[in-house]
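Some notes on the structure that comes next.
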Amino acid sequence: MAASQTSLNIDDARFPLPGQDFEQQATPEVETKDFDYSKRSQWLRAAVLGANDGLVSIGSLMMGVGAVKQDVEAMILTGCAGLVAGASSMAIGEFVSVQSQLDIELAQIKRDKQLRRDSEEVPEEEEEEGETANLPSPTQASAASAIAFALGASVPVLAASFIGQYKLRLGVVVAAVTVALMAFGWLGAVLGKAPTVKSSLRVLIGGWFAMAITFGLTKLIGSTGL
């Protein structure tokens, strides 16, 4: 009798199936976290990428010039020209890219609004609420990208400005870019909630490869007398 009663109680008990109630309870938290970090503004993404681009491109450019020119003036002039050209290019490219994205999203909002009006699912006065809250800003992203590129590019330029000895100057540029790449790699990982060590090393190794390849190829081309 006791065994049948126990069996009845077990049968009557409703245990949640795996992946149902647990997922229903966990989903809002996961969605909230995803929303918090995936909705970071465009300027933040552009700033981190722009700083890394400035560091790698201008550091590599200066190392390439340093492979064939030992005077500090040539390196500084090259770095400054690359800083201005790169910042301008980043600003224009980011503006065009984000503006295209904005046009697509605005067109989609108009189509969705027309569908809601036709189906009469949402009152017209409620349609505008929150529709443009998360849209990207081309101007903001453009300015952030250009400023961040200039800040990143200024690291190797400033590092080389006060070193007269040729070999020491190259070493200081590499060291300054290395520290800055680690810092920006860590910052990007923190902002995106990614593994900090892995992200920092990935950015650092990529920067080292870019500088080494530029230095080596420029040295090779310069040695041929072209």
Checklist entry - For the stretch 182-226, what are the residues that are touching a Ser or Thr at 6+ places or on another chain (Cβ under 7 Å) and either over 12 Å from ASN52 (Cα atoms) or touching a residue at least 60 places away in the same chain (Cβ under 8 Å) (or both)? => result GLY185, GLY188, ALA189, VAL190, ALA210, MET211, THR214
Item to check | Qualifying residue in the stretch 165-172 (condition: without any contact (Cβ under 8 Å) to a residue 24 or more places away in the chain, out of contact with any Phe, Trp or Tyr (no Cβ under 6 Å at 6 or more places or on another chain) and over 17 Å from ALA74 (Cα atoms)) | outcome: no
Checklist outcome for this item: Taking the stretch 188-225 and keeping only residues that are in contact with a helix residue (DSSP H, G or I) (Cβ under 6 Å, 6 or more places away or on another chain) and hydroxyl-bearing (Ser, Thr, Tyr), one is left with THR196, SER199, SER200, THR214, THR218
Next on the checklist: Of the residues VAL179, VAL155, only one is at pLDDT 90 or above and closer than 19 Å to GLY86 by Cβ; which?
Outcome noted: VAL155
Item to check | Search result, residues across the stretch 169-226 that are within 14 Å of SER57 (Cα to Cα), of a type in the set (Ser, Thr, Tyr) and either crowded, with 18+ Cβ neighbours inside 10 Å or touching a His at 6+ places or on another chain (Cβ under 8 Å) (or both) | outcome: THR214
Checklist entry - Which of the residues belonging to the stretch 206-226 are part of a loop (DSSP other than H, G, I, E, B) and among the hydroxyl-bearing types (Ser, Thr, Tyr)? => result THR224
Next on the checklist: Any residue that is at negative phi, among the charged types (D, E, K, R) and surrounded by 14 or more Cβ atoms within 10 Å (Cβ to Cβ) - is there at least one of those in the stretch 157-167?
Outcome noted: no
Checklist entry - Looking only at helices (runs of 4 or more DSSP H) that fall completely inside the stretch 1-114, which ones have 3 or more residues that are surrounded by 12 or more Cβ atoms within 10 Å (Cβ to Cβ) and modelled with pLDDT of 85 or more? => result 42-68
Next on the checklist: I'd like to verify a number: residues in the stretch 115-151 that are within 24 Å of VAL48 (Cα to Cα) and either part of a helix (DSSP H, G or I) or modelled with pLDDT of 85 or more (or both), how many?
Outcome noted: 14
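The values are calculated or read from the model by the stated rules, or taken from the named source; none is laboratory data. Given the structure is predicted, the values throughout are model-derived calculations rather than measurements. Cβ: placed from backbone, ideal geometry, glycine included. Neighbour counts: every protein chain shown.
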